[in-house]
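The values are calculated or read from the model by the stated rules, or taken from the named source; none is laboratory data. Please read these numbers as outputs of a predicted model, since none were measured by experiment. Cβ: placed from backbone, ideal geometry, glycine included. Neighbour counts: every protein chain shown.
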Amino acid sequence: MTNGLGPIRVVVGIVAQPTAEATSWIHSHSRFGTHLRISRSHLNLSFAKETSALVDTRVDWKETPEAHVFKADLPGLNKEEVKVEVEDDRVLQISGERKVEKEEKKDTWHRVERSSGKFLRRFRLPENAKMDQTKASMENGVLTVTVPKVEVKKPDVKSIRFLAKL
């Protein structure tokens with residue numbers, strides 16, 4: 001497909017919360033279908049405070065009786081490309097970068113949907129987290145971070161016997 005200026009191809013990236021103006025613009029140009037090229041200059045990107053990059057990395061956080069467990073799907077990344085850090089104020093930070101695939105001049109791209117770029121996620125943990133015992137593992141593109149919890153000491157419960165009637 002051409003627009004009189006030459007062929008148009010799709011370039012897709014992760015867009016977090018496009019503005020109403022950008023969404024309207026996209027819908028008004030939808031007659032071009034998948035051949036529409038949208039550049040970042042057309043979109044006013046607004047990112048959530050915890051996401052500081054183009055890649056939208058989703059993380060599950062569950063709390064078990066023993067630990068806080070975080071799981072992030074990071075397909076195509078290895079552990080050398082991912083950083084897991086803990087800060088003094090009980091903040092867990094997961095960051096990394098998925099590199100853009102090199103584009104050859106002779107290649108014709110029909111669709112680009114996989115995201116690339118840097119990602120950063122931060123989580124403030126509750127006081128029961130043992131930050132100094134945090135462990136991370138990576139298997140089949142899934143990052144698992146386990147933060148053990150402080151054992152809650154159960155209070156000593158003493159039965160009080162009733163006095164006999166005098």
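Looking at the stretch 121-166, which of its residues are part of a strand (DSSP E or B), among the basic types (K, R) and surrounded by 12 or more Cβ atoms within 10 Å (Cβ to Cβ)? Those that are part of a strand (DSSP E or B), among the basic types (K, R) and surrounded by 12 or more Cβ atoms within 10 Å (Cβ to Cβ): R121, R122, K149.
Only residues that are over 16 Å from I94 (Cα atoms) and either of a type in the set (A, V, I, L, M, F, W, C) or at pLDDT below 90 (or both): list them for the stretch 138-157, please. V150, E151, V152, K153, K154, P155, D156, V157, listed by residue number. Here the stretch 140-166 is the region considered, the condition is being aliphatic (A, V, I, L, M) and without any contact (Cβ under 8 Å) to a residue 12 or more places away in the chain, and the residue that is farthest from A129 (Cα to Cα) is L166. The residues in the stretch 66-120 that are in a loop (DSSP other than H, G, I, E, B) and closer than 30 Å to K149 by Cβ can be counted, and the count is 8.
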